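Before any comments, here is the structure.
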Amino acid sequence: MIEQTLVLIKPDGLKKSLTGNILTRLSETKLEIVATKITRVSRELAGEHYKHMKDKPFYGELIEYICGELHQRRKVMAMVYWGEGAISKVRQLAGATNPEEADPVSIRGAYGRITTKGVYENVIHTSRDKEEAEREIKLWFSPEEIIVDLYPARTVEVNKAKKKVWAQEHQ
Ligand code: IDP
Ligand code: MG
């Protein structure tokens, strides 16, 4: 089945300069990247992304982690991978949530760690299933940022919206 999945390179992955390694590993899947950006993670976005984790004892640290507060890297790299069996292919390469239990040759097994505070710093996020993928892709990306039509979208007229443009046009 052709599907799409959200991948985040978390702040520890960026701080450890793992972007290239992770993209190379993910390219083994032959999936297509249909959206990508480096983005700041507000507390609001983090809370929405991890809303199913609210009751966990490590929730506070998890939010600090994804916001980049533990790594002085206040950003993540967000991507949408698209193609046959995308969700399970990417999850397989990512490995188990707990980096100590993850297959040592998986991304999390190779590069993840557990902090002394007990947070699983596991380098990447990947959607678990179709429903989670849809929720997360719609949370992290707008339709215009994705080069294929993944979900129905509508065009709205926005009046008096402000947007930044280059102060001088390119020559
Ligand atoms: P997933 O990232 O493999 O989908 P989730 O259960 O959705 O795993 O958890 C989200 C994130 O919360 C994990 O990637 C990891 O960083 C952190 N986490 C999950 N379970 C634990 C735990 O038991 N201890 C510490 N951190 C955890
Ligand atoms: Mg999850």
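At a glance:
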quantity	calculated
Residue in region 74-89 that is farther than 18 Å from K138 by Cβ, in contact with a Lys or Arg (Cβ under 8 Å, 6 or more places away or on another chain) and modelled with pLDDT under 95 present	yes
Where A46 falls short, out of the listed (1) within 14 Å of the chain's Cα centre (by Cα); (2) within 16 Å of ligand 1 (Cβ to nearest atom); (3) assigned to a loop (DSSP other than H, G, I, E, B)	(3)
From the options Y111, Y120, residue that is under 25 Å from K16 (Cα atoms), free of Cβ contacts under 8 Å to residues at least 40 places away in the same chain and aromatic (F, W, Y)	Y120
Residue that is nearest to ligand 2 (Cβ to nearest atom) [pool: residues in region 70-110 that are charged (D, E, K, R) and in a helix (DSSP H, G or I)]	R91
Residues within region 113-145 that are within 15 Å of E101 (Cα to Cα) and surrounded by fewer than 16 Cβ atoms within 10 Å (Cβ to Cβ), tallied	4
Among (1) touching a residue at least 60 places away in the same chain (Cβ under 8 Å); (2) over 17 Å from A46 (Cβ atoms), the one test that V158 misses	(1)
Any hit, region 131-138, residues being under 15 Å from M77 (Cα atoms) and under 12 Å from the mean Cα position of the chain (by Cα)	yes
Flag for T126 being polar (S, T, N, Q) and modelled with pLDDT of 95 or more	yes
When residues of region 111-122 are limited to those that are out of contact with any Lys or Arg (no Cβ under 9 Å at 6 or more places or on another chain) and in a loop (DSSP other than H, G, I, E, B), the one farthest from ligand 1 (Cβ to nearest atom)	T116
Subset of region 123-168 [assigned to a helix (DSSP H, G or I) and either within 16 Å of ligand 1 (Cβ to nearest atom) or not acidic (D, E) (or both)]	K130, E131, E132, A133, E134, R135, E136, I137, K138, L139, W140, P143
Residue in region 49-61 that is farthest from ligand 1 (Cβ to nearest atom), counting only those that are farther than 14 Å from K117 by Cα and of a type outside the set (K, R)	D55
Residue match in region 49-63 (condition: in a loop (DSSP other than H, G, I, E, B), under 17 Å from P11 (Cβ atoms) and more than 15 Å from ligand 2 (Cβ to nearest atom))	no
Top-ranked residue of region 21-43 - restricted to ones that are surrounded by fewer than 15 Cβ atoms within 10 Å (Cβ to Cβ) and basic (K, R), ranked as nearest to ligand 1 (Cβ to nearest atom)	R43
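The values are calculated or read from the model by the stated rules, or taken from the named source; none is laboratory data. Bear in mind that the values here come from a model prediction, so they are computed numbers and not experimental data. As a convention, Cβ positions derive from the backbone with ideal geometry for all residues, glycine included, and neighbour counts pool all protein chains shown.
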